[in-house]
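Trainee: Quick one: structure below, then a few questions.
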Amino acid sequence: MLKYRLSKKADVSPAFQYIFALIVGAIILIFFIKFAFKAESTGKEVIKAEVLHSLDASMQAFSVSVSSTDLLPSTPWPQLVDMKFGTGANCGKFTVTGQKFLVPIPRIVFGPEQMKARQLKAWTTSWYFPFRVTNIFYLVNDRSKYYLIFNANNQDFVKRISSTPPATAVFEMDHLPREFDVKYYDSEADAVAKLKINDMVKVNYFEEKNGVSNGLKGSSLVVSNYCMDEDEPGYKCSGTVTFYEGNKLTGASTFIGRELMFAAVMADSIGVYQCQYGRALDEMERMINVYTAKAQRLATKRQECEYDGKYNSIIGMLNNMKGKIQVLKTNPGDSDTALQLSNLADLINEFNDNDLGGYEECEVLF
């Protein structure tokens, strides 16, 4: 009896060993499959992050231009990249849809909140207010469609700032680059008739308006007369912008300088605009600190000039600008402060050219 039981145990043992081996093998296989998928997912995350880093590097190289257009990156990405602006707590960062990485891009960039492309159309221009503050970037893809709607009072101005200004016009005003293909119309209906499926569309009215057609994004820009006068410097331009999605008001803000007027046109959401507008104000404040420090050094170096308190005067104006910036950061829709800031820029420019530049004992600030 004992011999039989021992023999039976010996007979079934290989079967149990085989089953056990299968179970262990399956567990190991599942582990490696999960590991492979996780590694692949992590690899894709890293690749997507590197895509955004490459875009930042391209913009950095591109920023040496005072004003230029190009395709970024110069070599197209190997696949479509669906990138998105960070807003709110993620302001100043970019992400690729579906990824966890948020990549900081220390540039002031305006465009559609989300873009899918292998290559982006880019425009950069130097922002002066009145001294050079920084370069501002504008990005779009092939599906980004922008329309400027004019009325009888601003027809010439709207046409001049479009991508296709009249060939017969004699002007030097900055305008949107031809590569962006920003068209002008006298009615929204004419613009909508040109649409294609999947286009990202933004309609920009240059007058007060209470919304756009359902399914579209839009802005209503009210600009100062200085914006329309091509003989006036760009920093004297200021105004207000109101954003809509269909007939729903999503937010309102201001702009200072013609470059930020273009930014109000190119941003398709109040979130993107407010984020980058705030960063532009931060950069302006940083440059004011730089010129304030320079004026303080010159006051010591050029004491004959400072005898008349000239550097002290321009320092006071710069500090006044900082005060206005703080107001706009708290209340970006304050149109009176935006106008005052533009006027201060003009006063500082005239004082620098005439009071400092016109007196041999002084040295200009910029």
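The values are calculated or read from the model by the stated rules, or taken from the named source; none is laboratory data. Predicted, not measured: the structure shown is a model, and the values here were computed from it. No Cβ is skipped: glycine too gets one built from the backbone with ideal geometry, and neighbour counts run over all protein chains shown.
Trainee: Restricting attention to region 272-281, does a residue exist that is of a type in the set (Val, Ile, Thr), modelled with pLDDT of 95 or more, in contact with a Cys (Cβ under 8 Å, 6 or more places away or on another chain) and closer than 30 Å to Asn151 by Cα? First the steps, then the outcome.
Mentor: Filtering region 272-281 for residues of a type in the set (Val, Ile, Thr) gives 272.
This time we only want the ones that are modelled with pLDDT of 95 or more, so: 272.
When the remaining residues are screened for being in contact with a Cys (Cβ under 8 Å, 6 or more places away or on another chain), the result is none.
No - not one qualifying residue is present in region 272-281.
Trainee: I would also like to ask the following. Only one of these conditions is not met by Asp231: (1) acidic (Asp, Glu); (2) at pLDDT 95 or above; (3) surrounded by fewer than 19 Cβ atoms within 10 Å (Cβ to Cβ). Which number is it?
Mentor: Here Asp231 meets the rest and fails (2).
Trainee: Yes or no: Phe243 within 21 Å of Ile108 (Cα to Cα), free of Cβ contacts under 8 Å to residues at least 40 places away in the same chain and among the aromatic types (Phe, Trp, Tyr)? Let's see the steps before the verdict.
Mentor: On the way: within 21 Å of Ile108 (Cα to Cα): yes; free of Cβ contacts under 8 Å to residues at least 40 places away in the same chain: yes; among the aromatic types (Phe, Trp, Tyr): yes.
When the stated conditions are applied, Phe243 passes them.
Trainee: While we're looking at this one, here's another question. Just to check your reading of the model, which residue among Leu281, Leu298, Leu365 is part of a loop (DSSP other than H, G, I, E, B), in contact with a helix residue (DSSP H, G or I) (Cβ under 9 Å, 6 or more places away or on another chain) and of a type in the set (A, V, I, L, M)?
Mentor: On the way: Leu281 fails: part of a loop (DSSP other than H, G, I, E, B); Leu298 fails: part of a loop (DSSP other than H, G, I, E, B).
The conditions single out Leu365.
Trainee: Oh, and also: Consider region 309-324. How many of its residues are surrounded by fewer than 20 Cβ atoms within 10 Å (Cβ to Cβ) and over 15 Å from Tyr291 (Cα atoms)?
Mentor: 2
Trainee: Might you let me know whether region 90-101 holds any residue that is assigned to a loop (DSSP other than H, G, I, E, B), in contact with a Lys or Arg (Cβ under 8 Å, 6 or more places away or on another chain), farther than 30 Å from Tyr291 by Cβ and of a type in the set (A, V, I, L, M, F, W, C)? Before the answer, list the steps.
Mentor: The first filter runs over region 90-101 and keeps only residues assigned to a loop (DSSP other than H, G, I, E, B), leaving 91-92, 97-101.
Remaining after also requiring in contact with a Lys or Arg (Cβ under 8 Å, 6 or more places away or on another chain): 91-92, 97, 99, 101.
Filter once more, keeping what is farther than 30 Å from Tyr291 by Cβ: 97, 99, 101.
In the following step, the residues that additionally are of a type in the set (A, V, I, L, M, F, W, C) were identified as 101.
Looking for residues that are assigned to a loop (DSSP other than H, G, I, E, B), in contact with a Lys or Arg (Cβ under 8 Å, 6 or more places away or on another chain), farther than 30 Å from Tyr291 by Cβ and of a type in the set (A, V, I, L, M, F, W, C), one finds at least one in region 90-101, hence yes.
Trainee: Scan region 252-269 and give yes if some residue there is modelled with pLDDT of 95 or more, assigned to a strand (DSSP E or B) and either more than 23 Å from Phe131 (Cα to Cα) or not assigned by TED's automatic domain parsing to the domain that holds Ser213 (or both), otherwise no.
Mentor: In the first step, residues of region 252-269 are kept if they are modelled with pLDDT of 95 or more; the result is 252-269.
In the following step, the residues that additionally are assigned to a strand (DSSP E or B) were identified as 252-256.
Now drop any that are not either more than 23 Å from Phe131 (Cα to Cα) or not assigned by TED's automatic domain parsing to the domain that holds Ser213 (or both), which leaves 252-253.
For region 252-269, residues modelled with pLDDT of 95 or more, assigned to a strand (DSSP E or B) and either more than 23 Å from Phe131 (Cα to Cα) or not assigned by TED's automatic domain parsing to the domain that holds Ser213 (or both): present.
Trainee: Moving on. Look at Ser187 and say whether it is small (Gly, Ala, Ser), surrounded by fewer than 20 Cβ atoms within 10 Å (Cβ to Cβ) and out of contact with any Cys (no Cβ under 9 Å at 6 or more places or on another chain). Outline the logic, then answer.
Mentor: Working: small (Gly, Ala, Ser): yes; surrounded by fewer than 20 Cβ atoms within 10 Å (Cβ to Cβ): yes; out of contact with any Cys (no Cβ under 9 Å at 6 or more places or on another chain): yes.
So Ser187 fits the description; yes.
Trainee: How about region 254-269: which of its residues are buried (at least 23 other Cβ atoms within 10 Å of the Cβ) and either more than 25 Å from Phe157 (Cα to Cα) or out of contact with any Leu (no Cβ under 9 Å at 6 or more places or on another chain) (or both)?
Mentor: Within region 254-269, Gly257, Arg258, Glu259, Leu260, Ala263, Ala267, Asp268 meet the criteria.
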